[in-house]
Each structure stands twice: as structure tokens, then as C-alpha cells.
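The values are calculated or read from the model by the stated rules, or taken from the named source; none is laboratory data. Since the model is a prediction, treat every value here as computed from it, not as a measurement. Backbone-built Cβ (ideal geometry, glycine too); neighbour counts: all protein chains shown.
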Amino acid sequence: MNPTGLVGLVDVHAHYLTDGYVAAARAAGVEHPDGMPGWPAWSVEQHLGLMERAGIDKSYLSVSSPGVHFGDDGAARALAREVNESGARVRAAHPHRFGLFASLPLPDVDGALAEVAHAFDVLGADGVTVESNHQGVYLGDPRLEPLWEDLDRRGAVVFVHPTSPPHAGELALGRPRPMLEFLFDSARAASDLLLRGVLARRPRIRWILTHGSGVLPLLADRMELFRTHLGEGPEGPADAPGTVEQLGRLWYDMAGTPFPRQIPALDAAFGTERLLYGSDHCWTPAEAALAQVATVDATWRDLTTRNAHRLFPALAR
């Protein structure tokens, strides 16, 4: 229990920043990431304060969009190592309050494989984070297969954070991409994983999609229609389960605006047996995060926390 008197939440969608990361992004010309007004501030103390007010027992930290690759493989490898080492220090200082999803320098697959080894074998990361696409390379792309093979072998948690799609400037019509485009790109990434057969080939990866899966609940039946009747069957095993069953094996967080519509739509499509809590702080300001958590009643707190304990058995210990 926590000071709210309710079951403590486990936040799988929590973000951190480092001074070096923001400096590298700005040096690459990223002053308005994904069309947002600017970069938020972040500190350990401020984040712990929000957790106390919201009744969040543990937060799994990750670097959000636009990720760590700004065009140069070598610089992306160095930046991924820097943010992961920084996140690991926060985790070590507060092991009961913070976990870590390590960043990977995709689309550099060799660099990503090296960072996976360092993240898990040296830093003891709880999972890795990837973007819904990396410079237009979506997650079902065959070039990423060696990475999924390694992560499947490890039974890893892979947190899929949305990012701007290719040609985002034209698509978003000048609006911040997280408002609409992120929700479509999450669905695009999930459909690519499904239709390229990655979900069926790599069943030990524990994928987490964000924001109640975005628009995916509305598209699952349409994907199945095309998959079974219009020649868009997925690559991979011929006896792979149907679209809804495969997507129902993924994990989903409730970051953003879960109620009154997003989570009921997710529940109708895939159920809530793998639903997790997510705040999206620090990109969601503290007061907005507190307003969101106020919509999460005791039943949803208990459900998402029990689900998190299944995903991360160490929590129960």
C-alpha cells in the first residue's frame, strides 16, 4: 500500500532525460521533438515526488521519441550507452522505485545487438525500448530479424514507443504528432510485426504497446479480413493463430486518455489480462499525469498491478 491508501501502481511508461541526450538532440537540430513545443525538464527528485502524489510504487524508465539515433551510427551507439548508463545509476540508487528499459541505436542493428548485450549482461536492464519505426524502418523489416532472434532467446521485454512516421510534417498538418500520428504509428508497427510473421516466429518476446494500443482495436478485424481473404496472409508458420489472438498476446499500457473510451475499446478487442498502467511522465506534465491517474479507480489499480507482477515476477519478490 502507499500514501493514497490504494494499491500502488506499477508504471511501465515513464520517461527520463539526461543533459547529454538533450544536448545531442539539439545539436542535431531537434528543438521541437515530434512537433512538440520543446523539451521537458526531468529530475529524479521531481519524478519521485510525482510518484508519491499519484500512488505509483515503481516506474520503469525509458527514453522517449525521437530515440537516440540522429543520423550517425557511431554517435547513436555512444548516446545509447550514455543514457543507459545514466538510467542504470538511477535504478541502482533507487532499486525499489525505478526500473530501466534500455535504449538501442536502431536502425543500426549491429550497434543494437552490442547494446542489448551490455544492457542485460552488464547493467541488468529490465527490458529494452524501441520506436514504432526507426527512420522509416518498421519493426517487421527483415533487417531487424537478428535483433528479434536475440531478444526472443532472452525472453526479453520490448517496450514499443510510438514516434513520428515518415513524412510526418505533411501528415500531421502542423499539429504535434503525439496527438494523432503516434496512435496510428503504433498500430502500423503492430500490424507489421503481425503480417511479417515476427509475432509468430518470436513468441518469447514480451511486447508492450502504448496508449491502449492506439487505433489497433478498431483495425484488428479489418486486418484479419485482408489476412484471410485478400491475400495478405502473414509470413511465418502456416498454423499461426488469427489476428485477434496474436494481438491479444501482447501487453498494453493505458498512458494518455484511458477513460471513458480507450480502455473499453481495448477490452472489447483483446481483453485486459495484459493491461498495464502508464503515466507517460515527464512528457506528460505532472498535473496532467495526476488528472489521468485520478480516473484509474481501485479496480483498475489492482488489475494493472497484478498484471505487472506477472510480467515482472521480481516485483513480487
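Among the residues of the stretch 63-86, is there at least one that is closer than 24 Å to Ala25 by Cα, free of Cβ contacts under 8 Å to residues at least 12 places away in the same chain and aliphatic (A, V, I, L, M)?
Yes: one or more hits.
Name the residue that is farthest from Ser103 (Cα to Cα), counting only residues in the stretch 7-21 that are at pLDDT 95 or above, over 11 Å from the mean Cα position of the chain (by Cα) and of a type in the set (A, V, I, L, M, F, W, C).
Leu9
Given the conditions (1) surrounded by fewer than 14 Cβ atoms within 10 Å (Cβ to Cβ); (2) touching a residue at least 60 places away in the same chain (Cβ under 8 Å); (3) touching a helix residue (DSSP H, G or I) at 6+ places or on another chain (Cβ under 9 Å); (4) among the hydrophobic types (A, V, I, L, M, F, W, C), which single one is not true for Ala298?
Looking at each condition in turn, Ala298 falls short on (3).
For the stretch 21-130, which fully contained helices (runs of 4 or more DSSP H) count at least 2 residues that are farther than 24 Å from Thr305 by Cβ and out of contact with any His (no Cβ under 8 Å at 6 or more places or on another chain)?
Qualifying helices (runs of 4 or more DSSP H): 73-93, 109-121.
Looking at Gly197, is it at pLDDT below 95, farther than 23 Å from Pro264 by Cβ and of a type in the set (Gly, Ala, Ser)?
Numbers: at pLDDT below 95: yes; farther than 23 Å from Pro264 by Cβ: yes; of a type in the set (Gly, Ala, Ser): yes.
It is true that Gly197 is at pLDDT below 95, farther than 23 Å from Pro264 by Cβ and of a type in the set (Gly, Ala, Ser).
Would you pick out the residues in the stretch 263-317 that are under 18 Å from the mean Cα position of the chain (by Cα), of a type in the set (Lys, Arg) and in a loop (DSSP other than H, G, I, E, B)?
Within the stretch 263-317, Arg274 is the sole residue that qualifies.
Please state which one of Gly87, Gly155 is closer than 20 Å to Leu209 by Cβ and either under 19 Å from the mean Cα position of the chain (by Cα) or aromatic (Phe, Trp, Tyr) (or both).
Details: Gly87 fails: closer than 20 Å to Leu209 by Cβ.
From the options Gly87, Gly155, the qualifying one is Gly155.
Has the stretch 138-155 got at least one residue that is under 17 Å from Thr18 (Cβ atoms), in contact with a strand residue (DSSP E or B) (Cβ under 8 Å, 6 or more places away or on another chain) and not charged (D, E, K, R)? Walk me through how you get there before you give the answer.
From the stretch 138-155, those under 17 Å from Thr18 (Cβ atoms) are none; that's our starting set.
Within the stretch 138-155 (the criterion being under 17 Å from Thr18 (Cβ atoms), in contact with a strand residue (DSSP E or B) (Cβ under 8 Å, 6 or more places away or on another chain) and not charged (D, E, K, R)), the answer is no, since none of the residues qualifies.
Given the structure, is Glu149 surrounded by 16 or more Cβ atoms within 10 Å (Cβ to Cβ) and not in a loop (DSSP other than H, G, I, E, B)?
Working: surrounded by 16 or more Cβ atoms within 10 Å (Cβ to Cβ): no; not in a loop (DSSP other than H, G, I, E, B): yes.
The answer is no for Glu149.
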